[in-house]
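Enquirer: Dumping the structure here so I can ask a few things about it.
Only the coordinates and a few stated rules stand behind these numbers; no lab work does. Owing to the predicted nature of the structure, the values given are computational and were not obtained by experimental measurement. Using ideal geometry, Cβ is built from the backbone for each residue, glycine included, and neighbour counts are taken over all protein chains shown.
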Amino acid sequence: MLDSHVHVVPNFPEPGVLFRDITPLLADGPAFAALVDALAERYRGKIDAVAGLESRGFILAAPLAHALGVGMVTIRKAGRLPGDVIGVDYTLEYGTARLELRPETVTAGHRVLIIDDVLATGGTARAAIELIESAGAEVAALTMLLELEELGGRSRLTDYPLDSILRY
C-alpha cells in the first residue's frame, strides 16, 4: 500500500538518478497515518525517545514520538543548533558533512530509535549512532522509510536492529 504513494522521478536531481519522492505519501492522510500507526505499534514500550535526522527524518519522528508519548531528539546539520553541541563528521557518497546534537536533549540510558527517510550508504545513520551513544543513550533500533539496497548502507549498521519499510 505505501509503495504506491512513493513516486519515481527519473533524472532528478541529475541525469541517471531515479529519485524516490515521498511527498505523495506524506500528503495522503490515511497512508501517512497508517505508516505512523504501524511504526508506533512496532516500537511501543521498546523505546524512550525518537531521534529524527534533518530534515525529512523530522517529518517521521515527530508524529511517531507523539503517538508513543515519548520525546523527540533532533539531529541536525552543522551550525543549526544554538548552544553547546556535540558533532560528528562523516563521509557521504559525494563529499563530507557534519551532524550535531545538543547533548542535554538526550537522557543517559534511554533507548533511542533513530529514524530517517532514506538509507543509502549508511554514513548519516552511522554518524547519528555515534552522536546518540556519545551522549550516553542506547541506540535501540533504526528505522528507514526507504532503503536503496544497491548502495549497501545496511552493511555499515550490522550491530543494530534495522527496519526498512520499503526497499528498492
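Enquirer: Could you tell me whether any residue of the stretch 87-103 is touching a Ser or Thr at 6+ places or on another chain (Cβ under 6 Å), touching a residue at least 40 places away in the same chain (Cβ under 8 Å) and surrounded by fewer than 21 Cβ atoms within 10 Å (Cβ to Cβ)?
Expert: Within the stretch 87-103, one or more residues are touching a Ser or Thr at 6+ places or on another chain (Cβ under 6 Å), touching a residue at least 40 places away in the same chain (Cβ under 8 Å) and surrounded by fewer than 21 Cβ atoms within 10 Å (Cβ to Cβ).
Enquirer: A further question on this structure: Any idea which residue in the stretch 40-78 is surrounded by the fewest Cβ atoms within 10 Å (Cβ to Cβ), counting only those that are charged (D, E, K, R), touching a residue at least 40 places away in the same chain (Cβ under 8 Å) and out of contact with any Ser or Thr (no Cβ under 9 Å at 6 or more places or on another chain)?
Expert: The qualifying residue surrounded by the fewest Cβ atoms within 10 Å (Cβ to Cβ) is K46.
Enquirer: Going by the structure shown, is G123 surrounded by 13 or more Cβ atoms within 10 Å (Cβ to Cβ), of a type outside the set (V, I, T) and more than 27 Å from L35 (Cβ to Cβ)?
Expert: No: the conditions fail for G123.
Enquirer: Consider only pairs whose beta carbons are under 8 Å apart and that are at least six residues apart or on different chains; among these, list those whose first residue lies in the stretch 153-168 and is without any contact (Cβ under 8 Å) to a residue 40 or more places away in the chain and whose second residue is part of a loop (DSSP other than H, G, I, E, B).
Expert: G153/A120; G153/T121; G153/G122; R154/G122; S155/G122; R156/T121; R156/G122; L157/G122
Enquirer: Then there is this: Quickly run through the stretch 114-125 and pick out the residues that are more than 22 Å from S4 (Cα to Cα) and touching a helix residue (DSSP H, G or I) at 6+ places or on another chain (Cβ under 6 Å).
Expert: I114, T121, G122
Enquirer: For the stretch 126-145, how many residues are within 16 Å of the chain's Cα centre (by Cα) and either farther than 24 Å from H7 by Cβ or surrounded by fewer than 22 Cβ atoms within 10 Å (Cβ to Cβ) (or both)?
Expert: Matching residues across the stretch 126-145 total 13.
Enquirer: Of all the residues that make up the stretch 65-86, how many are more than 17 Å from the chain's Cα centre (by Cα) and part of a strand (DSSP E or B)?
Expert: Matching residues across the stretch 65-86 total 1.
Enquirer: Residues in the stretch 26-47: is at least one assigned to a loop (DSSP other than H, G, I, E, B), closer than 24 Å to Y160 by Cβ and of a type in the set (A, V, I, L, M)?
Expert: Taking every residue of the stretch 26-47 in turn, at least one turns out to be assigned to a loop (DSSP other than H, G, I, E, B), closer than 24 Å to Y160 by Cβ and of a type in the set (A, V, I, L, M).
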